[in-house]
Amino acid sequence: MLTRLDLKYFKCFELLHLPLAELTLLTGTNASGKSSVLQALVLLHQTMQEHEWSNRLMLNGDSIKLGTVSDVVDKVHGRTTLEIGLIDNDRKILWSFIGERSEMSMAVDSVLIDDVSTKTPDKLKFLLPLPVIHNLPLAKRIRDLSYITAERIGPREVYPLEDQQVASVVGPTGEHAISVLHWGRDEPVLDGLVIEGVINKRLHQVEARMKQFFSGCGLDVQPIPNVNAVTVGLRTSEATGFHRPIHVGFGLTQVLPIIIAALSAAKEDILLIENPEVHLHPAGQALMGQFLAEVASAGVQVIIETHSDHVLNGVRRFVKSGRIKSEQLAIHFFRPNANSLDQVVSPQMDATGNIDSWPDGFFDQFDKDMNHFAGWD
């Protein structure tokens with residue numbers, strides 16, 4: 001499991017040492033660095049996945065497009081260099097990258113592994129020197145992680161069916177989700193995520209999870225003869241037939257890729273999600289928090305960026321239930337670094353779901369509004 005992410009001169013961070021847990025929540029104000037944390041991991045993932053033998057960090061690819069070196073390096077302190085470090089259990093890797101500000105990728109300047117540095121390595125695989133690659137399973141987990149952005153694709157008449165080599169994960173916008181579901185429809189899900197009384201096959205378990213979010217939901221995936229495509233039928237009541245996705249609530253198609261990604265994961269896989277609450281009713285947002293905590297408790301490392309107090313409260317309820325320990329959770333609240341306050345504050349949650357500190361701006365807008373209406377502000 002990743003236990004810490006280190007960033008130096010990456011975007012808005014002069015220096016960041018961010019603890020990670022089985023479930024990590026990134027919260028805070030807009031433009032404060034939450035997405036940058038995910039993007040750092042995605043850049044490593046993108047390079048390892050799309051450019052196996054590259055000795056450069058690729059800033060633009062299928063997963064993410066960040067522009068040039070000038071867009072990703074701290075303009076005040078870094079200029080042409082940045083560092084990304086990971087601690088995975090007891091192993092530590094620190095990459096140093098360098099590039100001209102107009103370039104769209106950055107050369108690997110050095111790789112530090114467990115305090116042993118390889119300066120300007122000539123040949124790398126998955127951004128690591130060849131002699132150590134087989135002893136670092138972290139590389140495979142970063143390469144194979146699932147990243148889901150807030151801009152997920154909406155309903156489609158037809159969904160392309162891609163080869164499993166291409167559609168190994170759901171994709172940043174959920175574009176491969178239906179292919180992943182179709183090819184793995186008969187695969188079992190992790191024991192800790194099986195809904196009792198439902199056949200332990202991915203398609204059945206995904207449909208059962210969708211029913212938890214949308215009562216009466218049904219799911220039907222059918223190949224189109226002689227075409228590399230499938231249709232998806234959805235319903236919101238067992239009393240009706242299946243409808244085209246455009247005719248059901250938009251939230252169904254936004255939740256589906258998250259559920260498919262989670263139920264397709266193996267233990268120690270990494271799942272990154274931006275704004276899992278998008279297009280969900282508050283009750284659904286709270287349920288999403290509980291679901292992602294359940295995924296983390298089953299052995300999948302989950303890192304989410306969220307603006308939803310309902311997602312947070314769903315996690316709190318799951319902690320209080322005793323199904324995940326509070327020490328398996330990390331919460332980080334980000335603030336702009338243009339003031340004298342700490343850029344990141346990390347409130348702690350106890351076993352009852354109580355949080356020890358609520359810094360200004362940390363899910364307190366409801367209280368502020370109620371105080372205003374009561375005339376107390």
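All of the numbers you see were taken from the coordinates with simple rules; none came from a lab. What you are looking at is a predicted structure, and each value in this text was computed from that prediction instead of being measured. So basically every Cβ, Gly included, is an ideal-geometry build from the backbone, and we count neighbours across all protein chains shown.
To check you understand DSSP bridge types, tell me what percent of the beta bridges within the stretch 137-292 (both residues inside) are antiparallel, rounded to 5.
Taking every DSSP beta bridge within the stretch 137-292, about 75 percent pair in antiparallel fashion.
Just L190, L82, L341 to compare: in a GNM of the chain, with alpha carbon springs under 10 Å, which one fluctuates most?
It is L341.
For Q348, which sequence-distant residues (separation of 5 or more, or a different chain) have an amide H within less than 5 Å of its own amide H, given hydrogens modelled in the peptide plane?
For Q348, whose amide H was placed from the backbone, the distant partners under 5 Å are D356, S357.
Please arrange R185, R235, R156 by counting, for each residue, the other beta carbons lying within 10 Å of its beta carbon, fewest first.
Listed from fewest to most nearby Cβ atoms, that is R185, R156, R235.
Which of L203, L86, F373 sits farthest toward the positive end of the charge dipole of the chain, with +1 on the Cβ of Lys and Arg and -1 on the Cβ of Asp and Glu?
Looking along the dipole axis, the top candidate is L203.
Mind ordering 66-75, 255-264 by average Cβ neighbours within 10 Å, highest first?
Descending mean neighbour count gives 255-264, 66-75.
Among M104, H77, L181, flag the residue with its Cα farthest along the positive direction of the charge dipole of the chain, charges on Cβ as +1 for Lys/Arg and -1 for Asp/Glu.
L181
Of the listed values (i) 21.3, 67; (ii) 20.1, 72; (iii) 23.0, 72, identify the label whose number matches Rg and Dmax of the Cα atoms in Å calculated from this model.
Only one listed value fits the structure, namely (i).
Can you give the longest run of the chain that contains no GluC sites (Glu not before Pro) sitting in a DSSP loop with at most 16 other Cβ atoms inside 10 Å?
Segment 269-377 is the longest.
So which residue, out of P121, P137, P336, gets the largest mean-square fluctuation from a GNM of the chain using Cα contacts under 10 Å as springs?
Between P121, P137, P336, it is P137 that shows the largest mean-square fluctuation.
Taking the DSSP beta bridges in the chain as the whole, what percent of them are antiparallel, to the nearest 5?
Details: 49 of 67 bridges.
So the antiparallel bridges amount to about 75 percent of the total.
Once you list every other residue whose beta carbon is under 15 Å from the beta carbon of Q164, what net charge do they have if Lys and Arg are +1 and Asp and Glu are -1?
-4
Taking the Cα centre of the stretch 153-266 as origin, sum charge times position over the Cβ atoms of Lys and Arg (+1) and Asp and Glu (-1), and report the length of that vector in debye to the nearest 20.
The dipole magnitude comes to about 240 debye.
So how far apart, in nm, are the two label points at D144 and H17 if each is 7 Å from Cα heading toward Cβ?
For D144 paired with H17, the spin-label model returns 3.1 nm.
Which whole-angstrom value gives the distance between the alpha carbon centres of the stretch 162-192 and the stretch 216-287?
12
Measure up K140/K201; K8/K267; K8/K65 against 28 Å on the Cα-Cα distance and list the ones that go over.
K8/K267
Placing unit charges on C-beta atoms (Lys and Arg positive, Asp and Glu negative, everything else neutral), compute the dipole magnitude of the stretch 62-111 about its Cα centre in debye, rounded to 20.
Working: 6 positive and 9 negative charges, 24 e Å.
Roughly 120 debye for the stretch 62-111.
Under unit Cβ charges (Lys, Arg +1; Asp, Glu -1), what dipole magnitude, rounded to 20 debye, does the chain have relative to its Cα centre?
So the magnitude is around 340 debye.
To the nearest 0.05, what FRET efficiency results for L112 and K65 with a Förster distance of 30 Å applied to their C-beta separation?
0.60
Sort out the exposed loop chymotrypsin sites (Phe, Trp or Tyr not before Pro) in the chain (DSSP loop, at most 16 other Cβ within 10 Å) and tell me the longest stretch that has none. Mind dumping the intermediate values first?
Details: sites that count: W53, F242, W376.
For chymotrypsin sites (Phe, Trp or Tyr not before Pro) (loop position, at most 16 other Cβ atoms within 10 Å), the longest site-free span of the chain is 54-241.
Any idea which of I273, S32, S357 is furthest toward the positive side of the dipole for the chain, if Lys and Arg beta-carbons carry +1 and Asp and Glu beta-carbons -1?
I273
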